[in-house]
Amino acid sequence: MIRTGRRAFLAGAAGAGTTLLLARSGWADEFPSKALEIIVGQPPGGGTDTYARAIAASLPSFLNNQAVVVVNRPGGNGVLAMEQVMASPADGYTLSLTSAGTAVIKQVWDGNGPDLAVDMKPVATIGRYASCIVVNKDAPYANMQEWMTAVESSSKPVLWSHTGRGSIHHIAGQALLTNYELPTRDVPFQGAPDARNALMNGEVEFSVFGTQNLTGFEEQVRSLGVISDARDPFLSDVPTMAEQGLETPLLFTPIMLHVPKDTDPGIVGEIEAAVRQACDTDVYKQATQVAGLPVWFQSSADTQAWTERAKENWTPIIEEIKART
Amino acid sequence: MFENLILGLDVATMPVNLGMALIGAAIGTAIGVLPGLGPVATISILMPVTFQLAPASAIIMLCGIYLGAMYGGSITSILVNVPGESASVVTCLDGHQMAKNGRAGAALGIAAFGSFIGGILATIGLLLLAPAIPQLTRGFGPPEYAMLVLAGLLLVTQVGTSGTIRSLIMAFAGLMLATVGTDPISGEQRFTFGFTFLYDGIGIVPLAIGLFGVAELLSLALGRNETQKLQYEKLKVRELLPSRAEWRRSAPAIGRGSVIGFLLGLLPGAGMSLVSFVAYTIEKALSRRPAEFGRGAIEGVAGPETANNAGSQAAFAPMLTLGLPSSPTMGVIMGALMIHGVAVGPQLITRNPDVFWGVIASMLISNLILIVLNVPLISIFVRLLKVPSSLLVPLIMLFVVVGAYTIDNQIEDVWMTLLFGVVGFLLRRCGFDPAPMVLAYVLGGIFERSLRQSLILGDGVGIFLERPVSAVLMLVCVAMVLVVLVRTVLRFRSGAALVQEADQT
């Protein structure tokens with residue numbers, strides 16, 4: 001089942017190139033009449049890129065069979081890609097795919113960069129990442145409570161690794177730790193692989209990174225709790241923090257599609273409707289499932305509401321974390 | 001081991017996979033030869049094409065591209081002093097000098113044969129050791145990387161021909177350049193002056209291609225060859241392959257390069273430039289003719305090129321078994337695996353044995369294909385040097401500019417490449433060899449990050465002595481400093497130090 005789905009997705013993605021060539025002779029007068037581009041701020045192969053390729057493969061059937069091409073524009077923590085979309089014509093043919101929580105954090109952390117809520121127009125949300133607390137497989141804790149008791153009674157700060165200061169996993173993890181005033185010290189690494197490796201090597205006692213990075217390492221590490229409002233569909237046996245009676249000020253980060261801010265609302269509505277249908281296709285669901293990425297559709301209005309709420313609620317938390325580190 | 005090899009060969013010799021290895025190797029060689037156009041950009045572009053293939057076939061093709069680019073990367077370094085990526089900076093040093101001495105064919109030949117031997121030995125090493133590698137590299141964390149790279153930094157003045165003091169100046173300039181960009185620990189912006197394109201630091205490709213390649217092209221175009229007179233007419237095209245004497249000098253270098261490359265390649269945090277550079281300095285230290293290094297010593301090509309290739313194949317082990325990519329290219333290949341639904345990690349060997357052993361066995365085949373592909377091409381590449389420089393220079397310049405742009409599709413990289421080209425040209429006119437700068441730049445970034453991580457982990461410097469591997473490496477560093485100090489003091493007493501400095505410049 002999964003395999004056939006992957007084939008379909010892969011075939012669809014490869015077919016996009018052919019459709020692109022055919023698109024030049026298109027004559028349809030309504031939107032879209034040519035290929036669309038999704039600009040991704042990450043290199044090919046990561047989670048965000050996989051979301052982009054999955055949606056690009058499933059969108060054409062709902063957009064006059066126009067191809068959707070993924071363009072990777074890495075650099076500057078995703079800011080370069082966002083700036084490129086902001087500078088593109090506001091005709092709906094250039095979309096940005098962003099991890100919104102990361103963008104909100106970066107804006108506060110760096111003190112510059114685009115403001116998702118103001119500088120762009122939301123189309124839809126298509127997925128999300130959640131962070132989780134990870135310990136070694138043989139660690140003697142059954143749940144978060146046991147683990148927290150052990151950390152609290154530690155005589156010296158407990159070391160933990162994350163994916164880099166100012167990343168979503170650092171902020172989400174640190175916000176939880178600060179909330180319960182746990183004696184910890186963070187060690188920043190560059191990305192989840194290095195953070196995970198430091199945990200496996202025993203250099204740190206626990207680690208915080210994305211749920212999808214547990215795949216392939218089930219025999220070495222395990223998660224004690226997911227920092228989200230719902231269980232991760234691919235980690236259904238790991239409870240959330242709320243289920244374990246813990247309050248976490250900061251949850252997951254949504255994966256959002258945006259267009260330049262002056263784009264015509266009618267065009268935004270058309271893309272939104274197409275994305276809504278595409279998120280429901282087997283092609284999209286199975287392509288994201290293979291990489292352990294959850295599907296989560298949100299309308300344009302809900303997407304905007306999330307960003308505004310996150311900006312308001314997260315800013316003081318991020319500023320406090322930044323001041324303390 | 002044998003059942004693994006047989007399983008791997010079963011996968012690797014399937015007609016479709018043989019075809020993929022051939023296509024990958026051909027594309028890889030082509031992009032390796034075009035200066036600037038790197039494997040990351042190519043694999044990114046070609047990744048969607050692999051979506052229709054089975055995971056093993058897809059990864060075999062991408063792996064062919066990667067290895068082909070490693071083979072091809074030495075070609076432009078040797079012929080026109082344009083390094084394809086940071087790992088081939090070291091090849092420029094003696095490889096291009098050999099070309100100037102009329103031994104371009106020998107340099108290309110030894111690079112190809114060295115790469116082949118190193119590649120085959122590394123693959124055999126992987127077949128024997130791969131499942132044990134997660135345990136073998138367990139002792140390697142930030143403190144060990146910090147000390148390993150520190151040892152590298154202490155050797156950085158060994159490369160280049162401009163004397164110790166000028167090399168030191170260049171090395172410190174490189175260390176300073178490495179501080180530009182996002183702070184590896186605090187995540188804040190340093191020396192970016194608000195430019196978004198500097199957030200990720202100065203790119204290694206603009207720096208290396210600018211300082212070596214563009215600078216070389218400028219001196220060719222301006223008709224001022226600072227280091228040596230280049231006489232294309234006198235190139236002996238017929239003497240394409242290494243002579244018997246050259247083979248004799250290279251054989252031990254190839255042997256040592258294979259071992260060094262394989263071992264350092266297993267450590268994903270060290271990076272390929274450390275591999276080739278350590279191999280170079282070891283050859284120089286062991287050579288009976290150290291003065292020839294930097295002036296066209298064939299060991300200076302054979303050692304690093306072998307190590308570079310052995311290392312890049314060994315690097316597949318930590319990527320596949322620990323999910324740790326050692327280079328951006330490896331990162332993209334790992335991402336491709338993820339899209340194909342293959343989760344890298346300790347369970348990969350048992351869950352997808354066809355992918356794991358298939359990829360390793362396919363490297364044997366890719367190496368065979370590459371040597372068959374590359375050796376006949378040497379005569380063509382050498383003839384390239386006969387093209388008048390009025391044609392050659394603008395053509396290469398075009399490729400350099402296109403290559404610099406395609407790294408991240410940003411025009412700023414082109415300006416940086418050209419800027420570093422002018423800087424490199426001026427440096428050379430003032431008698432500075434930019435090689436220590438590039439190496440210190442690459443190592444400086446790794447050193448800063450792992451040193452600061454270690455200090456947080458250990459809450460002080462004690463951690464370096466507590467851990468056995470880092471303690472040993474630290475002793476090596478101390479010994480290296482002491483040896484140089486004692487030697488300098490002795491030489492100073494005999495009144496020779498200042499004279500030697502002056503001689504070299």
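The values are calculated or read from the model by the stated rules, or taken from the named source; none is laboratory data. No experiment lies behind these values; they were computed from the predicted model shown. Counting neighbours? That spans all protein chains shown, and the Cβs are built from the backbone with ideal geometry, glycine included. Remember, those area values only see protein heavy atoms, side chains included, never the ligands or the DNA or RNA. Shrake-Rupley method; radii C 1.70, N 1.55, O 1.52, S 1.80 Å.
A few remarks follow.
Rundown of residues vs (1) surrounded by fewer than 18 Cβ atoms within 10 Å (Cβ to Cβ); (2) assigned to a loop (DSSP other than H, G, I, E, B); (3) polar (S, T, N, Q), yes/no style:
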site: B:ILE380; (1), (2), (3): yes, no, no
site: B:SER390; (1), (2), (3): yes, no, yes
site: B:LEU395; (1), (2), (3): yes, no, no
site: B:LEU398; (1), (2), (3): yes, no, no
site: B:ALA404; (1), (2), (3): no, no, no
site: B:ASP408; (1), (2), (3): no, yes, no
site: B:THR417; (1), (2), (3): no, no, yes
site: B:VAL422; (1), (2), (3): yes, no, no
site: B:ARG428; (1), (2), (3): no, no, no
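- Selection within the range A:95-149: residues that are away from every other protein chain (no Cβ under 14 Å), more than 20 Å from A:SER161 (Cα to Cα) and small (Gly, Ala, Ser). The member of this set that is nearest to the chain's Cα centre (by Cα) is A:SER99.
- Filtered residues of the range A:182-194 (kept if under 18 Å from B:ASP459 (Cα atoms) and open to solvent by less than 30 Å² (accessible area, probe 1.4 Å)): A:LEU182, A:ASP186, A:VAL187, A:PRO188, A:PHE189
- In the range B:326-352, the residues that are within 7 Å of chain A (Cβ to nearest Cβ), open to solvent by 10 Å² or more (accessible area, probe 1.4 Å) and aliphatic (A, V, I, L, M): B:MET334, B:MET338, B:ALA343, B:VAL344
- Among the candidates A:GLU270, A:GLU312, residue that is touching a residue at least 60 places away in the same chain (Cβ under 8 Å) and not assigned by TED's automatic domain parsing to the domain that holds A:ASN179: A:GLU270
- If you filter the range A:42-67 down to residues that are of a type in the set (A, V, I, L, M, F, W, C), within 12 Å of chain B (Cβ to nearest Cβ) and touching a helix residue (DSSP H, G or I) at 6+ places or on another chain (Cβ under 7 Å), you find that the one that is surrounded by the fewest Cβ atoms within 10 Å (Cβ to Cβ) is A:ALA67.
- Residue that is most open to solvent (accessible area, probe 1.4 Å) [pool: residues in the range B:129-178 that are aromatic (Phe, Trp, Tyr) and in a helix (DSSP H, G or I)]: B:PHE172
- Residue that is farthest from B:ALA112 (Cα to Cα) [pool: residues in the range B:1-35 that are more than 27 Å from the chain's Cα centre (by Cα) and not in a helix (DSSP H, G or I)]: B:MET1
- Residue identified as in contact with a Phe, Trp or Tyr (Cβ under 6 Å, 6 or more places away or on another chain), hydrophobic (A, V, I, L, M, F, W, C) and not in a strand (DSSP E or B) among A:ALA230, A:ALA287: A:ALA287
- Candidate set from the range A:285-298 (those that are away from chain B (no Cβ under 14 Å) and within 23 Å of A:GLY216 (Cα to Cα)); member that is surrounded by the fewest Cβ atoms within 10 Å (Cβ to Cβ): A:VAL295
- Scope the range B:430-448; condition part of a helix (DSSP H, G or I) and either more than 23 Å from B:PRO143 (Cα to Cα) or touching a helix residue (DSSP H, G or I) at 6+ places or on another chain (Cβ under 8 Å) (or both); matching residues: B:ALA435, B:PRO436, B:MET437, B:VAL438, B:LEU439, B:ALA440, B:TYR441, B:VAL442, B:LEU443, B:GLY444, B:ILE446, B:PHE447
- Among the residues of the range B:438-462, the ones that are hydrophobic (A, V, I, L, M, F, W, C) and either without any contact (Cβ under 8 Å) to a residue 60 or more places away in the chain or open to solvent by 10 Å² or more (accessible area, probe 1.4 Å) (or both) come to 8 in all.
- One residue stands out in the range B:104-128 among those that are β-branched (Val, Ile, Thr) and touching a residue at least 12 places away in the same chain (Cβ under 8 Å): the one that is most open to solvent (accessible area, probe 1.4 Å), namely B:ILE117.
- Qualifying residue in the range A:154-175 (condition: modelled with pLDDT of 95 or more, more than 29 Å from A:ILE55 (Cβ to Cβ) and hydroxyl-bearing (Ser, Thr, Tyr)): yes
- Of A:LYS121, A:LYS137, all but one fail to be of a type in the set (Lys, Arg) and outside the structural domain of A:ASN313 (by TED's automatic domain parsing); the exception is A:LYS137.
- Checked against the criterion of being touching a strand residue (DSSP E or B) at 6+ places or on another chain (Cβ under 7 Å) and farther than 21 Å from B:GLN453 by Cβ, the range A:153-173 contains not a single residue that satisfies it.
- Scanning the range A:198-250 for residues that are among the acidic types (Asp, Glu), within 14 Å of another protein chain (Cβ to nearest Cβ), farther than 15 Å from A:TYR141 by Cβ and touching a strand residue (DSSP E or B) at 6+ places or on another chain (Cβ under 9 Å) yields one hit, A:GLU203.
- Any hit, the range B:58-67, residues being part of a helix (DSSP H, G or I), open to solvent by 30 Å² or more (accessible area, probe 1.4 Å), in contact (Cβ under 8 Å) with a residue 60 or more places away in the chain and not polar (S, T, N, Q): no
- Sole exception among (1) at pLDDT 90 or above; (2) within 14 Å of chain A (Cβ to nearest Cβ) for B:ILE110, by number: (2)
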